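One structure is given here, and the rest of the page talks about it.
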Amino acid sequence: MTTILVADDEQLIRWSLSERLQADGMRVIEAATGQEAIDKVHEGVDLVLLDFKLPDIDGVTVLRQIKEHDPDIVVILLTAYATVDTAVEAMKTGAYHVANKPFNVDAVSDLVAKALETTQLRREVRHLRAEKAQPYAPERIVGDSPPMVEVKAMLRKVAASPASTVLLTGESGTGKDLAAKVLHFNSDRSHKPFVNITCSAIPETLLESELFGHERGAFTDARQQKRGLLESADGGTDFLDEMGETVPALQAKLLRVLEEKAFKRVGGQHDVRVDVRIIAATNRNLEEQVKGGHFRSDLYYRLNVLPIELPALRSHLEDVPALVTFYVDQFNREFRKSVRGASAASLRAMQHYGWPGNIRELRNAVERAMLLSDGPWLEPVDFPAITGAAPIASGLSLPAEGVNLEELERSLVVQALERASGNQTRAATLLGLNRDQIRYRIEKFGLGKTTG
């Protein structure tokens, strides 16, 4: 039953409103003072009819404390001393309406009915937001290994912080897009837009217009003004994926957005101001990019205030069984199957595989196995790409004096390219990498051009 609090120091007013609202099928509680009203709000109410002049505390102060307790409670202020200043102050503090005394009880009843619709709508919106955010709670991230526990703790801290810039790094397929959503949906920006922008997916000639928008006539076919993706996320989050792919000219404009929260549309003369959190992600080594002159150092330092590195799957292989179980459950629902899981032999094979494509590769492997398998368990034969691969560090052992990992990695890339006669795809296969990963290492070590 809907609960209404009537807070007024005049008993006759409380009685008349209570009688009418109870006749409308509502539960009514009463308060004669401001402090009593504040105390009763904590018991749980849907709407408050609040007198402006109470014997101990003025109505606006009570209103403020009610809103601090629960912003969704609708408050209608009742006053015999209505002025423009009173109404403005009340509405700024969060009053739904200011009603003058003396009032018509029927009119107040209608006003309460309309206000309750607002309460219901607000609560439904809050419920939908919570439902939407639920899959992105940090505790829903699969993995209890030390690297993943550390990442989840960092995501919680950063999501709750007022930081406007976050840099997510890590190899392709480690879950940077999921981490970005966790940061957004667990922040105070969760009720505003989350805009995902994959920088490499938009042609370079269009990227500036897509990000910043354009004015009418800025270029051929610009027949009307267009808001950009940065502006569309005002109040929320812009996720700039594959940030390392942006060109220096665009990087300078992004730097201004980060520093001044302002930019000009393409062809525009006036600044557009936005309040957005920028989450940038890259699988490239931006420090190396800066040294090579491909990425602006000032932008890198501005982005690198709060870096979060997503670990490669090979560094937390103990999470593989939990990840496999998660995806088996997911695909059972999607494909309407009843696979019980992966067999012990399959799990052993998967925990001895390097996963160059990381969690994305594991997900794809489980999906393929689920589609093709007819048995109750996923067996090694269902994972040909994995069970046919060489185990991690097969035949390798760490010398007592240690190794220079960078030199070792460069040597292995050179050997793979030589064995593959310069063919990147074959070299990548020899190292358990994908084509993007081998290209990154070719560029990183300055190995020059090779065939595709």
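The values are calculated or read from the model by the stated rules, or taken from the named source; none is laboratory data. Treat the numbers as computed from the prediction; the structure is a model and nothing was measured. Cβ placement follows ideal geometry from the backbone for every residue including glycine, while neighbour counts extend to all protein chains displayed. Ligands, DNA and RNA are stripped out before the accessible areas are found, and what is left, the full protein with its side chains, is counted by its heavy atoms. Shrake-Rupley method; radii C 1.70, N 1.55, O 1.52, S 1.80 Å.
When the residues of segment 173-192 are narrowed to those that are in contact with an Asp or Glu (Cβ under 8 Å, 6 or more places away or on another chain) and part of a loop (DSSP other than H, G, I, E, B), which ends up farthest from D436 (Cα to Cα)?
In this case the residue turns out to be K192.
I need the full set of residues from segment 365-424 which are of a type in the set (A, V, I, L, M), modelled with pLDDT of 80 or more and open to solvent by 90 Å² or more (accessible area, probe 1.4 Å), in order please. Lay out the reasoning, then the answer.
Applying the first criterion (of a type in the set (A, V, I, L, M)) to segment 365-424 yields 365-366, 369-372, 378, 381, 385-386, 389-390, 392-393, 396, 398, 400, 403, 405, 408, 412-414, 416-417, 420.
With modelled with pLDDT of 80 or more added as a condition, the list becomes 365-366, 369-372, 378, 381, 385-386, 405, 408, 412-414, 416-417.
Scanning segment 365-424 gives L371, L372, V381, L405.
Going through segment 216-257 one residue at a time, which ones are in a loop (DSSP other than H, G, I, E, B) and either among the basic types (K, R) or open to solvent by less than 50 Å² (accessible area, probe 1.4 Å) (or both)? First the steps, then the outcome.
First pass over segment 216-257, keeping only residues in a loop (DSSP other than H, G, I, E, B): 216-225, 228, 233-236, 242, 246-247.
Across segment 216-257, the qualifying residues are R216, A218, A222, R223, G228, A233, G235, G236, T246, V247.
Give segment 333-350 a look and list any residue that's under 9 Å from L378 (Cα atoms) and assigned to a helix (DSSP H, G or I), or say none.
Residue satisfying the conditions is S346 alone.
For segment 268-288, which residues satisfy the criterion of being open to solvent by 60 Å² or more (accessible area, probe 1.4 Å), closer than 20 Å to G235 by Cβ and not in a loop (DSSP other than H, G, I, E, B)?
D271, R273
Every residue in segment 161-181 that is over 16 Å from I197 (Cα atoms) and among the hydrophobic types (A, V, I, L, M, F, W, C), please.
A163
Kindly indicate the residue of segment 434-451 that is open to solvent by 50 Å² or more (accessible area, probe 1.4 Å) and part of a loop (DSSP other than H, G, I, E, B) and also modelled with the lowest pLDDT among those meeting that condition.
K449
Out of (1) over 26 Å from the mean Cα position of the chain (by Cα); (2) open to solvent by less than 40 Å² (accessible area, probe 1.4 Å); (3) farther than 21 Å from A428 by Cα, the odd one out for R348 is which?
For R348, the exception is condition (2).
What is the residue count in segment 322-345 for residues that are open to solvent by less than 50 Å² (accessible area, probe 1.4 Å), of a type in the set (S, T, Y) and farther than 26 Å from A428 by Cβ?
So the count comes out to 1.
Can you list residue pairs whose Cβ atoms sit under 8 Å apart, with the first residue in segment 377-406 being farther than 20 Å from T429 by Cα and assigned to a strand (DSSP E or B) and the second being modelled with pLDDT of 85 or more and open to solvent by 80 Å² or more (accessible area, probe 1.4 Å)? Count only pairs 6 or more apart in sequence or on different chains.
Close Cβ pairs satisfying both conditions: W377/R340.
Within segment 199-215, restricting attention to residues that are on the phi < 0 side of the Ramachandran plot and not in a helix (DSSP H, G or I), which residue is surrounded by the most Cβ atoms within 10 Å (Cβ to Cβ)? Even if it seems obvious, please write down each step before you answer.
Of segment 199-215, the ones on the phi < 0 side of the Ramachandran plot are 199-212, 214-215.
From what is left, the residues that are not in a helix (DSSP H, G or I) are 202-203, 214-215.
Values: I202: 16, P203: 8, H214: 21, E215: 17.
It comes out as H214.
I'd like the residue in segment 1-50 that is of a type in the set (D, E) and open to solvent by 50 Å² or more (accessible area, probe 1.4 Å) and, out of all such residues, is modelled with the lowest pLDDT. Break it down stepwise before answering.
Kept after step one, since they are of a type in the set (D, E), are these residues of segment 1-50: 8-10, 19, 24, 30, 36, 39, 43, 46.
Subsequent filtering for residues that are open to solvent by 50 Å² or more (accessible area, probe 1.4 Å) retains 9-10, 19, 24, 30, 36, 39, 43.
On the way: D9: 90, E10: 91, E19: 93, D24: 91, E30: 93, E36: 93, D39: 91, E43: 85.
Among residues in segment 1-50 that are of a type in the set (D, E) and open to solvent by 50 Å² or more (accessible area, probe 1.4 Å), the one modelled with the lowest pLDDT is E43.
Every residue, every condition in (1) in a strand (DSSP E or B); (2) of a type outside the set (S, T, Y); (3) closer than 18 Å to I4 by Cβ; (4) in contact with a His (Cβ under 9 Å, 6 or more places away or on another chain), yes or no:
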residue	(1), (2), (3), (4)
P55	no, yes, no, no
V60	no, yes, no, no
S109	no, no, yes, no
A113	no, yes, yes, no
Q120	no, yes, yes, no
R123	no, yes, yes, no
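Answer with yes or no whether D319 is of a type outside the set (S, T, Y), open to solvent by 70 Å² or more (accessible area, probe 1.4 Å) and assigned to a helix (DSSP H, G or I). Working first, answer last.
Details: of a type outside the set (S, T, Y): yes; open to solvent by 70 Å² or more (accessible area, probe 1.4 Å): no; assigned to a helix (DSSP H, G or I): yes.
No, not satisfied.
Let me confirm something: among E68, E30, E89, E19, which residue is free of Cβ contacts under 8 Å to residues at least 40 places away in the same chain, touching a strand residue (DSSP E or B) at 6+ places or on another chain (Cβ under 7 Å) and outside any loop (DSSP other than H, G, I, E, B)? Outline the logic, then answer.
Numbers: E68 fails: touching a strand residue (DSSP E or B) at 6+ places or on another chain (Cβ under 7 Å); E89 fails: touching a strand residue (DSSP E or B) at 6+ places or on another chain (Cβ under 7 Å); E19 fails: touching a strand residue (DSSP E or B) at 6+ places or on another chain (Cβ under 7 Å).
Only one candidate qualifies: E30.
Applying the selection to segment 165-187, what residues are of a type in the set (A, V, I, L, M, F, W, C) and either buried (at least 23 other Cβ atoms within 10 Å of the Cβ) or touching a Lys or Arg at 6+ places or on another chain (Cβ under 8 Å) (or both)?
Within segment 165-187, V166, L168, A179, A180, V182, L183, F185 meet the criteria.
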